[in-house]
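In what follows, a single structure is set out as structure tokens and then discussed.
The values are calculated or read from the model by the stated rules, or taken from the named source; none is laboratory data. Remember, predicted model here, so these are calculated numbers, not experimental data. Here the Cβ positions follow ideal geometry from the backbone for every residue, glycine too, while neighbour counts run over all protein chains shown. Each accessible area value is taken on the protein alone, full model and side chains, heavy atoms only, with ligands, DNA and RNA left out. Shrake-Rupley method; radii C 1.70, N 1.55, O 1.52, S 1.80 Å.
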Amino acid sequence: MNLTEFVYALANAGLGCPDIIADGALHRFPTPEDNHRDRSGWYVFHGEVGVVGDWRTGHKQTWCHRSEGMTRKERAALKASIKAERSKRLADQRARHDEASAKAAELWRCAGEAMWHEFLKTKSVLPLGLRQHFDLLVIPAMATTGKVWTAQTIDKAGRKRFLTGGKKKGC
């Protein structure tokens with residue numbers, strides 16, 4: 001029932017009716033005002049509480065299933081549940097980042113020095129320290145410590161892809 005009520009809250013805010021995932025993570029979605037590629041709407045939903053907003057308009061709204069009449073014990077249990085969800089989500093994210101980092105480091109190690117690649121030729125640029133693995137140009141995303149967290153690959157047609165699960169922020 002809480003999910004239905006949360007969807008109604010989004011619809012009443014004029015943000016549409018996206019498919020909701022109650023995992024406590026930030027999810028983006030297109031609002032009725034977005035064009036076909038934009039996703040300016042966002043939400044975080046825990047089951048009992050949620051936050052929804054629109055980055056384009058700056059709208060932000062908090063929603064709670066039972067904001068009135070909750071006992072201190074119920075509020076404490078809800079906060080503990082949200083904290084546990086957040087800790088689990090962050091641990092899962094760290095594991096995904098570490099796995100992608102290992103793959104990126106191996107790809108970077110196996111790749112040879114980029115001498116010629118169709119993308120570089122099209123852009124009229126020099127490889128300057130980039131590497132190439134078969135037909136893929138490999139660009140590492142590193143932290144200031146030099147650790148490779150993920151890698152972006154560019155194929156001959158210019159399609160760019162980051163490794164799944166890789167950490168990009170701060171690299």
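Rolled with a 1.4 Å probe across the full set of protein chains, the surface gives Thr71 an accessible area near 70 Å². Note on Arg89: accessible area is roughly 70 Å² with a 1.4 Å probe, heavy atoms of protein only. The string of couplings for the range 23-38 from the Karplus curve (6.51, -1.76, 1.60, θ = phi - 60°) is 10, x, 9, 6, 10, 9, 7, x, 8, x, 7, 6, 7, 5, 10, 6 Hz, one whole number per residue in order, with x for Gly and Pro. Pairs of lysine residues in the range 47-156 that meet both criteria, 8 or more places apart or on different chains and Cα atoms under 29 Å apart, total 18. When only the Cβ of Lys, Arg, Asp and Glu is charged (+1, +1, -1, -1), the dipole of the range 99-171 relative to its Cα centre reaches about 280 debye. Which one, Ile82, Phe29, His133, projects farthest toward the positive side of the charge dipole computed for the range 25-171 from Cβ point charges (K/R +1, D/E -1)? Going by the charge dipole, the pick is Ile82.
Here the convex hull built on the C-alpha positions of the range 81-171 has a volume of 104 cubic angstrom per residue.
Taking P(r) over Cα pairs in 10 Å bins from 0, in percent as calculated from this structure, the corresponding entry among (i) 12, 41, 37, 10, 0; (ii) 10, 33, 24, 12, 14, 7, 1; (iii) 9, 25, 24, 22, 14, 5, 1 is (iii).
Per-residue accessible area (protein heavy atoms, 1.4 Å probe) orders Ser124, Ser101 as Ser124, Ser101, starting from the largest.
Surface calculation, 1.4 Å probe, protein heavy atoms: Val52 sits at approximately 0 Å² accessible. Phi angles across the range 147-158 convert, under the Karplus curve 6.51 cos²θ - 1.76 cosθ + 1.60 with θ = phi - 60°, into 3J(HN,Hα) values of 6, 7, 8, 7, 9, 9, 10, 10, 8, 4, 7, x Hz, Gly and Pro given as x.
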